[in-house]
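As structure tokens, the structure follows; a few thoughts come after it.
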Amino acid sequence: MSDKPQTMTAFSRTLSLNGDWQLRQLTGGGASCPARVPGSVHLDLLAADAIPDPFYRDNENRLMWIGESDWLYRRTFEVDAALFEFERLELECEGLDTLATVRVNDRVVLQADNMYRRWTADLRNALQPGTNTIEVEFASAVRYSAARRAVRAMSDGGCNIRLPGTNWIRKEPCNFGWDWGPICVTAGIWRPIRIRAWNCARIAAVALSQQHQAGSVQLAAHTSLTGTGDTAGLSLALSLALHGREVARASAPLADGSGELSVSIENPRLWWPNGLGDQPLYELTVTLLSPTGLAIDSWQRRIGLRTLELIQQPDEWGHSFHFRCNGTDFYAKGANWIPNDVFQPRLTRDDYADRLISAVQAHMNMIRVWGGGLYEDDVFYQICDELGLCVWQDFMFACSAYPAFDAAFMQNVRAEVADNVARLRHHACLAIWCGNNELEQWHHVGEDNPLLMTRAEYCALFDELIPSVLQELDPQRPYVPSSEHTPPEFGDRWKNPDDPACGDAHLWSVWHGRQPFEWYRTSFHRFCSEFGFQSFPEPKTIASFTLPEERNVTSYVMEHHQRSGSGNRLIIDYMLSWYRLPSGFENTVWLSQIQQGMAIKYAVEHWRRQRPRCMGALYWQLNDCWPVASWSSIDSFGRWKALHYMAREFFAPLLVSGVEDNAAGTVEVFVSSDRSASCPATLRWQVTRVDGTLLSHGEKSLELPPQTSLAVATLKCQPFIEQFSERDLLIWLSLTDADGAIVSRNLVSFCRPKHMALLPPDIVADIAEISTESDQSAWRVTLTAANPALWVWLELSESDARFSHNFFCLEPDTPCEIRVAPARRLTRRQLREQLRIRSLRDTYTAE
Ligand code: BMA
């Protein structure tokens, strides 16, 4: 969404208004400072050193005045007389956050009240040759919401700490606070702004459709124009290229301001979700041509050729809920996405790429853009297209009632939906539209309670308004009204939105419901689109927002960076049941990460074993928007928590896992394959005592069918339990592919780790430098343990680093190689000095 300062053809000219502005506070203290657009008030005040870092300690509390104030952005710009020769002069705003009045030379040209919409205004009567002034005034979203609430209050929250009344305003809900996010109410010109002068006609929209047959795809483009009147003699041309080589073209005249183009692509290269195949992206250009063949306007996008369906049909367990790409059913593996920064405009392409590549490195193929945040920037979806990350896209409604009885609100939402659907619908990654997050719960919709939406109001918004826009603008894409959702044709959405027999489910019995991890194994839901467990970020991240004396989980500042009411209590409570009490702060923090990883591993392995009954697991949540204790697997600095490393194992295409049966003394071993073809593999197991003494071992050759989960062996451990006790056994599993490489490992036990008498693992590290093409150094660290080591992790004390694996269990006398990529170049000596290797036992034996 960036702009060049000026672009010009005979038919159009744009003048970017991004860049340097002035900012002034209109109420309160009257602060003023230079400003950058796109941006936000907080970012400008920060750059001017007028406020401290809002994330540090509890600075947030002292910055509430920003959201409570009105603000004025102002700049001047020059316009030459030639601009007035164009027939249309328009202001284009890709995003205004939120209650904006735009004046050009003191004339009001636009009033906006929805940060998710694109706004345009006619400037013909406002612009003048020479120097012009533009002012964008933002009224306080906090005051507005409170005033609307005073007139009509509605349910706005549940367990989320957030400012009241914000269901009345079309602005990023979590900006007002959430159970992982601070209250930093932003304002500003958050996306590009420009003037466009143009003649004749422009391409308003291009709607694509694909028909797939064996060996060919028919691609149709319906193009509509906005014009100044006569479009006689204009025509359209389409060109489709792959890696710069044209593969199809078409042209057509215009009729009634729109045109149809269609091409057939023989032997198409299909786009696949990550893990199932490649992501070829064709470059599509639609050009609007004058009667003499001059290009008036063009529309260029990269598209993928694929079918992507949601299959909901009767089966032996109720009704399926799964995705099918190009005819292949696939298991959706992924996580939920929240805005990656409280101050969204400072995110770069690299920030998005880092998080999304991390998702792919953990074998994810689906990301759910959760409905309490944003319709993301174009670059987010472009990267998802490139990586094969399917996007489950919520519309931005979450955890509250909304005023669907209000005609102006509904009209505003209709325009918002149309804008974003038209912007995003060409993306190959876009798998499904979803009306909202968690509104089908009793505390948001119900009769005879003025705080709630009535069912009729809910249906008017999510069963009628949104689907009717989608029917017109994006009819080929699946839509569900809510997540979680029980389709009314199969069950009762109001009584049980988490019906295990159909639809998707949000499963919070573990964590919010305080059930033990074992609860997950009682769940047979069809698609688990939310479930999660919290942890603390690592010590380096905590150091960024605390003073040394605050590094205790119950200190005021640590509790301030915990927004889930029962958060720290639950982390510690679960720790009591699974682990020995950790010694000291750092060990508590690291152990919380191991615990979080274990919880989600427990869930995902179970649901992968349930395939095809369960066909999706998207954990809550991938990322963070500030440094905080939360459910994320990657913290706000991009640091992978233990969960992310563990996800790389439990989401691997081939997974070996085991289910212990304490009563029978057995371990049932499963293999889950997401591969598209069948493959040979070897299962190996070893039963040892906790001190490493080998009791038995074995192996079995397997032929794994594609896309399936199978029970492959039952290991009988009863005699060992009788001889040594269930606290003294470890069952090590591994799966080797046809080339002899270990593709999956796992460890099963009959008791929780707190009751194991683990020995010091005595790990020895051998370090070798790996030559790399970049100037980043990389190292191969080979670890060998003398005794069984549970949840071994590596850390560099002074640098960030990514590890090929981390937080894994080490069998005695079995070397394990880890690739270490420090964020900055290190000498061997520095690496040696900085490398810390710890394991579960250290969390309770070392300070
Ligand atoms: C969910 C989400 C969020 C919330 C999370 C953790 O259900 O939809 O609203 O942050 O749980 O409580």
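A few notes on this one:
- The orientation-averaged shadow of the Cα convex hull for the stretch 300-410, equal to a quarter of the hull surface, comes to 10.5 nm².
- Where a label projected 7 Å from the Cα of Asn105 along Cα→Cβ would reach, residues of the stretch 118-143 with amide N under 14 Å: 123-135
- The modelled label-to-label distance between Ala821 and Tyr844, using points 7 Å beyond Cα along the C-beta direction, is 3.6 nm.
- Converting phi to 3J(HN,Hα) with the Karplus coefficients 6.51, -1.76 and 1.60 and the offset θ = phi - 60°, the stretch 272-277 yields 10, x, 3, x, 9, x Hz in sequence order, with x at every glycine or proline.
- Only the Cβ atoms of Lys and Arg (+1) and of Asp and Glu (-1) were treated as charged; on that basis the dipole of the stretch 47-163 about its Cα centre amounts to roughly 600 debye.
- For Leu26, the residues 5 or more places off, or on other chains, whose built amide H falls under 5 Å of its own are Asp70, Trp71, Leu72.
- Gyration tensor (alpha-carbon) shape descriptor, the stretch 622-721, a/c threshold 1.5: oblate
- Note on the stretch 39-130: the C-alpha convex hull projects to 7.4 nm² when averaged across all orientations.
- Cα gyration tensor shape for the stretch 406-507, rounded if a/c is under 1.5, else prolate or oblate: oblate
- Long-range amide H partners of Gly39 with built H, under 5 Å: Ile189, Trp190, Arg191
- Cα point-scatterer Debye curve for the stretch 183-312, base-10 log of I(q)/I(0) at q = 0.09, 0.10, 0.15, 0.20 Å⁻¹: -0.36, -0.43, -0.80, -1.10
- The mean of 1/r over all pairs of different alpha-carbon atoms in the stretch 288-335, once inverted, gives a Kirkwood hydrodynamic radius of 14.7 Å.
- Local charge for Leu238 was computed over the other residues whose Cβ lies under 13 Å away, with Lys and Arg +1 and Asp and Glu -1, and equals -1.
- Under 14 Å from the Asp58 label point (7 Å along Cα→beta-carbon), backbone N, the stretch 522-536: none
- Straight-line cross-link partners of Lys716 among the aspartates and glutamates, defined as a Cα under 13 Å from its Cα and at least 8 positions apart when in the same chain: Glu660, Asp661, Glu668, Glu726.
- Each residue, Gln718 and Ser696, gets one label point 7 Å from its Cα in the Cβ direction; the gap between the two is 1.1 nm.
- Close amide-amide hydrogen proximity is noted between Asn18 and Ile193, each under 5 Å apart and 5 or more residues distant or on a separate chain (H modeled in the peptide plane; Pro and chain starts excluded).
- Cα extents of the chain along the three principal axes, largest first (Å): 92, 66, 65
- Calculated FRET efficiency, Phe77 to Glu472, Cβ-Cβ distance, R0 = 22 Å: about 0.05 to the nearest 0.05.
- The label point for Ala50 and the one for Gln128, both projected 7 Å from the Cα toward the Cβ, are 2.8 nm apart.
- Converting phi to 3J(HN,Hα) with the Karplus coefficients 6.51, -1.76 and 1.60 and the offset θ = phi - 60°, the stretch 283-300 yields 9, 10, 10, 10, 10, 9, 10, 6, x, 9, x, 7, 6, 8, 7, 9, 9, 10 Hz in sequence order, with x at every glycine or proline.
- In degrees, nearest ten, helix 141-151 long axis to first principal axis of the chain (Cα): 90 degrees
- Computed about the Cα centre, the dipole magnitude for the chain is approximately 620 debye when only Lys and Arg (+1) and Asp and Glu (-1) carry charge, each at its Cβ.
- Karplus-derived HN-Hα couplings along the stretch 214-222 (A = 6.51, B = -1.76, C = 1.60, θ = phi - 60°), whole Hz, x at Gly and Pro: 4, x, 7, 10, 9, 10, 10, 10, 9
- Shape analysis of the stretch 772-847 based on the Cα gyration tensor places the equivalent ellipsoid semi-axes at 23, 14, 10 Å, largest first.
- Pairs exceeding a 20 Å alpha-carbon distance, out of Lys540/Lys601; Lys333/Lys641; Lys540/Lys754; Lys641/Lys754: Lys540/Lys601; Lys540/Lys754; Lys641/Lys754.
- Cβ-derived FRET efficiency at R0 22 Å, Ser224 paired with Thr292, nearest 0.05: 0.45
- Helix 349-361 vs. the chain, principal-axis angle (Cα, 0 to 90°, nearest 10): 40 degrees
None of the figures in this text is laboratory data; all of them are computed from the coordinates on show. The shown structure was predicted, so the numbers you read here are calculated from the model rather than taken from an experiment. Glycine also receives a Cβ, built like all others from the backbone with ideal geometry; neighbour counts cover every protein chain displayed.
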